[in-house]
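Contents: one structure, followed by commentary.
Please treat every number below as a calculation from the coordinates, not as lab data. All of these numbers come straight from a predicted model, not from anything done at the bench. Here the Cβ positions follow ideal geometry from the backbone for every residue, glycine too, while neighbour counts run over all protein chains shown.
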Amino acid sequence: MMVVLAIGFILLHVVLVMLISAHAIVVSYAFLIAAPSLASAIAMRRCMIEGFALSQGWILAALSLILWTLGMIFSARQDLFLSNSNQVPGDSMLLYILFGVPISYATAVVGVYSRSHLQRGIDAVLVISLGYLYFALTFSWVTLHGSPDEFSTRMVALMFDVENAFLAITTLIRFFAADMLRQRHFFGTLAGLTLLYAITAAYYNHHVALDVSPNIGSVYDAVVDVPFLAFALMTLREPSRIPKALNPSPRLVRFVRIGSPLLLSLAVLTISLLLLHRRFNLGVAGILVAVLGYGLRSILSQVRQIEMEDELRSDRTALAELALRDGLTGVGNRRAFEEALEREWRVALRTQQSISLLLVDIDFFKQYNDRYGHLAGDNCIREIAAALHAALQRPADTVARYGGEEFAVILPGTTSSGAREVATRVCKLVRQLNIPHDSSPHGRATVSVGTSTVTPSEGVLPHELIAASDRALYEAKNNGRNRVEQGTHAN
């Protein structure tokens with residue numbers, strides 16, 4: 001239905017120009033102003049749906065269409081009220097040039113994930129510089145009063161061809177590299193506008209305006225309605241699922257997102273080089289803006305990349321530490337114990353120092369859980385883990401949760417007497433917690449500890465130290481619990 005209305009709009013334009021030939025210029029201007037106005041209104045409607053943020057892009061598209069509409073209004077003013085017969089009135093040409101500025105900014109920032117407002121500010125400066133330099137290049141051939149001769153008029157038409165081709169190419173690149181549905185819809189719509197506009201503008205500027213019908217008011221004017229009506233139709237359509245065959249490769253997506261802002265610098269540099277032979281100082285200034293803008297933006301990108309790498313490294317470290325922590329007690333888990341024992345074993349083997357291991361078991365813990373419940377049991381485990389940690393006096397000592405209610409303590413460079421001293425301190429600190437335990441003969445929570453000490457040598461493995469401590473722990477339990485037993489040396 002909407003397509004039929006768009007075709008009807010174009011046909012009505014043609015028919016009214018033919019039927020009211022005496023006022024054809026007024027009719028044409030009415031349609032040429034109505035078409036982009038309608039397109040900008042529909043773009044604003046899309047803004048209301050998806051948001052007015054620059055990162056969404058639709059407000060930039062609407063602004064471009066408004067600038068083009070103003071250009072047509074100024075052109076109508078020249079023809080209808082000022083009787084200016086010049087084919088290139090300067091004020092409207094300026095607005096037609098500015099039409100591409102918001103679109104260029106959209107291709108540089110929409111979908112290019114940057115948290116830096118400074119980077120976006122640099123992009124804005126580059127886009128404004130591009131518009132100004134293009135304006136300066138174009139108006140090196142004409143003035144605000146118009147074109148002095150046909151050669152200048154043709155050069156202006158050529159300048160518009162270059163600008164329109166640039167807009168069409170950049171929006172098409174962003175379209176084919178868009179991997180998100182709404183971005184693909186936006187850039188597809190924008191690419192449709194810029195591509196159709198580049199074709200129709202080239203046809204109209206070179207064939208119609210310069211040869212067939214220099215003045216507004218011919219049936220050829222209806223061709224200018226096409227890109228704006230097509231944009232309106234595409235904007236009204238809701239985003240549809242991207243066909244699997246059209247999904248861009250991740251490498252292409254990353255390349256285009258990173259390279260999109262570079263296109264601005266290249267465009268500014270190109271226009272600046274073209275300006276050198278006509279306005280040398282401005283051309284040099286443009287080259288400096290392009291180089292400094294790209295350089296500063298690259299530095300900011302590298303800084304952001306380093307920051308992200310540091311954040312990732314910190315996150316990986318935190319995750320690694322989290323993976324080695326017992327969620328209930330906050331002390332090391334079984335994996336942390338195994339890694340620490342392996343590490344300290346290698347050090348002790350190299351330095352020929354002794355290493356001691358304590359295995360600590362909460363006495364009658366099953367009965368505690370049965371009587372007081374699992375929440376109380378968890379709290380008991382946490383308090384005893386804290387007591388174990390408090391019993392250690394050196395940073396090198398390691399406590400880990402070895403099993404459900406069992407803990408392991410690694411004491412590098414510690415003799416058997418030192419291990420027994422630590423184990424005795426552990427038992428004392430746990431008793432001082434005074435955690436009620438009516439199912440225990442001791443009336444409160446206690447622990448049994450088995451210790452063993454070894455000086456590593458070739459042929460002796462860490463699991464032998466664990467086995468010796470485990471035997472000692474078994475002996476402590478058999479001997480009444482709430483006590484320390486020392487195992488025989490594993491070596």
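Given an 8 Å cut-off on Cα distances and at least 6 residues of separation, report the relative contact order of the chain as a percent. Show your work: numbers first, answer last.
Numbers: 728 pairs, mean separation 60.7, N = 491.
Averaging sequence separation for qualifying contacts and normalising by length gives 12 percent for the chain.
Can you work out the PRE-style zone for T270? Point 7 Å along Cα to Cβ, and I want the residues of region 157-172 with backbone N under 15 Å.
Answer for this model: 158-172.
If you stretched the chain out fully between S314 and N281, how much longer would it get, using 0.36 nm times the residue separation minus the C-alpha to C-alpha distance? Walk me through the numbers before you get to the answer.
Numbers: separation 33, 0.36 × 33 = 11.88 nm, distance 4.88 nm.
Difference between extended and current length: 7.0 nm.
Loop-only GluC sites (Glu not before Pro) in region 442-490, please: DSSP not H, G, I, E or B, and at most 10 other Cβ atoms within 10 Å. The partial results should precede the final answer.
Working: sites: E458, E464, E475, E485; in loops: E458.
Sparse-neighbourhood loop GluC sites (Glu not before Pro): E458.
Report the FRET efficiency, 1/(1 + (r/R0)^6), for T424 and E458, where r is their Cβ-Cβ distance and R0 is 41 Å, rounded to 0.05. Mind showing how you got there, number by number?
Numbers: r = 33 Å, r/R0 = 0.80.
Calculated transfer efficiency: 0.80.
Using alpha-carbon pairs under 8 Å, 6+ residues apart, how would you state the relative contact order of region 426-491 in percent? Write down the numbers at each step before the final one.
Details: 108 pairs, mean separation 24.1, N = 66.
In percent, rounded to a whole number, it is 37.
Diagonalise the Cα gyration tensor of region 1-143 and give the resulting equivalent ellipsoid semi-axes, square root of 5 times each eigenvalue, largest first, whole Å. Mind dumping the intermediate values first?
Values: eigenvalues 204, 105, 16 Å².
Equivalent ellipsoid semi-axes, largest first: 32, 23, 9 Å.
Within the chain, which complete DSSP H helices have Cα atoms spanning at least 30 Å along the helix axis and a mean Kyte-Doolittle hydropathy of 0.0 or higher? The partial results should precede the final answer.
Working: long enough: 24-50 (39 Å, 1.40); 58-80 (32 Å, 1.32); 117-138 (31 Å, 1.05); 150-176 (39 Å, 0.97); 181-203 (33 Å, 0.66); 250-275 (38 Å, 1.55); 280-323 (63 Å, 0.43).
Qualifying helices, which must be both long enough and hydrophobic enough, are 24-50, 58-80, 117-138, 150-176, 181-203, 250-275, 280-323.
How high is the FRET efficiency from L252 to M1, r the C-beta distance, R0 41 Å, rounded to 0.05?
Details: r = 36 Å, r/R0 = 0.89.
So the FRET efficiency works out to roughly 0.65.
Can you give me the P(r) profile for region 251-399? Cα pairs, bins 5 angstrom wide beginning at 0, each as a whole percent.
2, 7, 9, 10, 9, 8, 7, 5, 5, 5, 6, 6, 5, 5, 4, 3, 2, 1, 0
At R0 = 51 Å, how high is the FRET efficiency between L262 and V26 if r is their beta carbon distance? Nearest 0.05 is fine.
Working: r = 46 Å, r/R0 = 0.89.
Efficiency at R0 = 51 Å is approximately 0.65.
Modelled label-to-label distance, I49 and R154, 7 Å Cα→beta-carbon offset: nm?
4.5
Output the antiparallel fraction of DSSP beta bridges having both residues in region 341-491, as a percent to the nearest 5. Intermediate results must be reported in sequence, preceding the final value.
Working: 20 of 23 bridges.
About 85 percent, rounded to the nearest 5.
Which distance in nm do the two modelled labels at R182 and L296 give, with both placed 7 Å along the Cα-to-Cβ direction?
Spacing of the two 7 Å Cα→Cβ label points: 3.0 nm.
By DSSP, what percent of the beta bridges with both residues in region 306-413 are antiparallel, rounded to the nearest 5?
DSSP beta bridges in region 306-413 are roughly 90 percent antiparallel.
Mean projection of the alpha-carbon convex hull of region 131-233 over all orientations, in nm²? Present the calculation step by step, with values, prior to reporting the outcome.
On the way: hull surface 30.1 nm².
Seen from a random direction, the Cα hull of region 131-233 projects 7.5 nm² on average.
Rg and Dmax of region 238-304, Cα atoms, in Å?
Gyration radius and largest Cα-Cα distance of region 238-304: 17.2, 51 Å.
Once label points are set 7 Å from the Cα along Cα→Cβ at both I306 and Y474, what is their separation, rounded to one decimal in nm?
5.9
Hey, what does the equivalent ellipsoid look like for region 392-491, semi-axes from the Cα gyration tensor as sqrt of 5 times each eigenvalue, largest first, whole Å? Mind showing how you got there, number by number?
On the way: eigenvalues 127, 44, 26 Å².
Semi-axes from the Cα gyration tensor: 25, 15, 11 Å.
How much mean residue ellipticity at 222 nm does the chain get from its helices, if each DSSP H run of length 4 or more adds -39500 (n - 2.57) and you divide by all residues, to the nearest 500 deg cm²/dmol?
After summing the helix terms and dividing by the residues of the chain, the value is -22500 deg cm²/dmol.
Any chance you could check the Cα centroid distance between region 1-77 and region 398-465 for me, in angstrom?
So the separation of the two Cα centres works out to 83 Å.
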